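Peer 1: Structure below; questions to follow.
Each reported figure results from applying straightforward, stated rules to the coordinates on display, with no laboratory input. This structure is a prediction, so every number in the text was calculated from the model and none was measured. Don't worry about glycine lacking a Cβ; one is built from the backbone with ideal geometry, like all the others, and counts go over all protein chains shown.
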Amino acid sequence: MSTGTTRTALVIGGGIAGPVTAMALRKAGIEATVYEAYPGTADGVGVTLTLAPNGLDALRIVGADEAVSGIGQPLVRSEMLDGRGGRIGELAGPAGLPPSRGLWRDELCRVLHETAAAQGVDVRYGKRLVGAEEHPDRIVARFADGTAAEADVLVGADGIRSTVRGLIDPDAPEPLAARLLNFGGAADIAVPARPDSSYFVFGRRGFFGYWVQPDGRTAWFANLPHDRPVPAAEARAVPASEWLARLREAYARDEPARDVLARTDAGALVVLGSLESMPKVPTWHRGRMVLVGDAAHAPSSSSGQGASQAVESAVQLARCLRDLPGPPPGAFAAYERLRRARAEKIIDRGNRTNGSKTVGPVGRTMMKLMMPVMTRTFLSPERTLGPEQRYTIDWDAPVAA
Ligand SMILES: Cc1cc2nc3c(=O)[nH]c(=O)nc-3n(C[C@H](O)[C@H](O)[C@H](O)COP(=O)(O)OP(=O)(O)OC[C@H]3O[C@@H](n4cnc5c(N)ncnc54)[C@H](O)[C@@H]3O)c2cc1C
């Protein structure tokens, strides 16, 4: 139970970090309400993502691990292919850990919201935060519909385009867009695959990832190099049928991307615009406001750690508010100390992985030759993924000031 001085919290954003933050805060004895801009849950929004063992372990603390283990599918290894039927290499997860889970984002959101609701978390939809006023004893949030709410603290779980980040620091950096367009979907075909592997194809013109679901459909994403970054809204203004035609042409000589795209309907194509990540955010908290999840540390989706890092931060923030007086300055400073270095190291790795997705034919041949050495050295499951995925949070341990 809370020995800190925080009793109530406004959590802005009901994506992944939002409901988990609210559940963790409640567990810490702090009353939390979630305010989400969308009018309802995120059905059909987004494509697939992976939840790593460290993310699942953090969900255990808020009692959401079992529900999440009931959706998606376990993925124990990644296999790298060259698009011509050849294998480049294979990466298994670190030994002794449960597998990562491949999930649809909207399903993960739904399950987290259901679990949060069962624990008594109140989620208000259609509440877009537009401003906040800080008082000596409380913070007041202002929403686009003219309403307001107040509490001891305000947590910005409002994603990579965070409004709270701008309220904390008007000079905060903007997201960085890679010159890679991001698409996803589900194809009405089961291409040859092991049921517990994800596959990454270094194709002739683009990168292509997929796994085959138990329902016999293939979940896929494509990262296609582009001469300039394209915001999601601009990409969505182009008809999906046109993007699908471009993708079919770009991957026409890559197996099995060609077959997967041939069996994807334009209506099932998700157009996400350029891959984005956040540069380092200098200020994570000010006064009674603090950031969690993508608002503070958004790695490129190439890291496979976005959702897992969001969940870890949510739980660690709640521990700090439980144990330390705040704000300011104790609890939020302790939270940043626990989280920043780890989250930013993962951002760096994600950015390096984006680089490998645009290697071209010569780089691809080199990669094939070097892969056996790479998987024994800097790409070894233990050295790279071990520290990320073996991380666990001791909820009961008191946080030192
Ligand atoms: C629409 C969408 C689709 C996505 N699709 C994918 C995907 O396909 N693959 C992938 O790997 N990652 C995807 N992501 C990102 C992924 O969910 C995050 O990287 C990660 O899970 C961290 O979650 P988060 O809760 O910090 O941020 P997010 O999941 O981005 O959640 C932030 C939430 O805050 C809400 N919000 C934003 N501004 C305000 C405001 N002013 N007031 C109130 N609420 C606000 C948003 O509507 C959203 O629900 C997507 C995110 C979004 C928002």
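Peer 1: Name the most mobile residue of 215, 254, 265, meaning the one with the largest mean-square fluctuation, in a Gaussian network model of the chain with Cα contacts below 10 Å.
Peer 2: Result for the chain, Cα springs under 10 Å: 215 fluctuates most.
Peer 1: Pick from 251, 391, 210: which residue has the top mean-square fluctuation in a GNM of the chain where Cα pairs under 10 Å get a spring?
Peer 2: Checking each option, the largest mean-square fluctuation is seen for 391.
Peer 1: Which distance in nm do the two modelled labels at residue 161 and residue 348 give, with both placed 7 Å along the Cα-to-Cβ direction?
Peer 2: In this crude spin-label approximation the distance works out to 3.0 nm.
Peer 1: Given H placed 1.01 Å from N in the peptide plane, which residues other than close sequence neighbours of residue 7 have an amide H under 5 Å from its amide H?
Peer 2: Answer set, sorted by chain and number: 152.
Peer 1: Moving on. Taking the C-alpha atoms of segment 176-277, how large are the radius of gyration and the largest Cα-Cα span, Dmax, in Å?
Peer 2: Using the Cα atoms of segment 176-277, the pair Rg, Dmax is 13.0, 37 Å.
Peer 1: Continuing with the same structure: How tilted is helix 240-250 with respect to the longest principal axis of the chain? Cα atoms for both, answer in degrees (0 to 90, nearest 10).
Peer 2: Compared with the principal axis, the helix lies near 50 degrees.
Peer 1: Right, another one. Just from the alpha-carbon atoms, what are the Rg and Dmax of the chain in angstroms?
Peer 2: 21.1, 64
Peer 1: Hey, with R₀ at 45 Å, roughly what FRET efficiency would residue 266 and residue 397 work out to, going by the Cβ-Cβ distance, to 0.05?
Peer 2: Details: r = 51 Å, r/R0 = 1.14.
The value I calculate is 0.30.
Peer 1: From Cα pairs below 8 angstrom and at least 6 apart in sequence, can you work out the relative contact order of the chain, rounded to a whole percent?
Peer 2: Numbers: 879 pairs, mean separation 93.0, N = 401.
About 23 percent, as a whole number.
Peer 1: Here is a further query. Between residue 87 and residue 234, what FRET efficiency follows from the Cβ-Cβ distance if R0 is 41 Å, with the result rounded to 0.05? List each step's numbers first, then the result.
Peer 2: Details: r = 37 Å, r/R0 = 0.90.
FRET efficiency, residue 87 to residue 234: 0.65.
Peer 1: Under a point spin-label approximation (7 Å from Cα along Cα-to-Cβ), what is the residue 340-residue 280 distance to one decimal in nm?
Peer 2: 0.8
Peer 1: Modelled label-to-label distance, residue 150 and residue 226, 7 Å Cα→beta-carbon offset: nm?
Peer 2: 4.5
Peer 1: Take the Cβ-Cβ distance between residue 248 and residue 3 as r, set R0 to 45 Å, and report the resulting FRET efficiency rounded to the nearest 0.05.
Peer 2: With R0 = 45 Å, the Cβ-Cβ based efficiency is 0.15.
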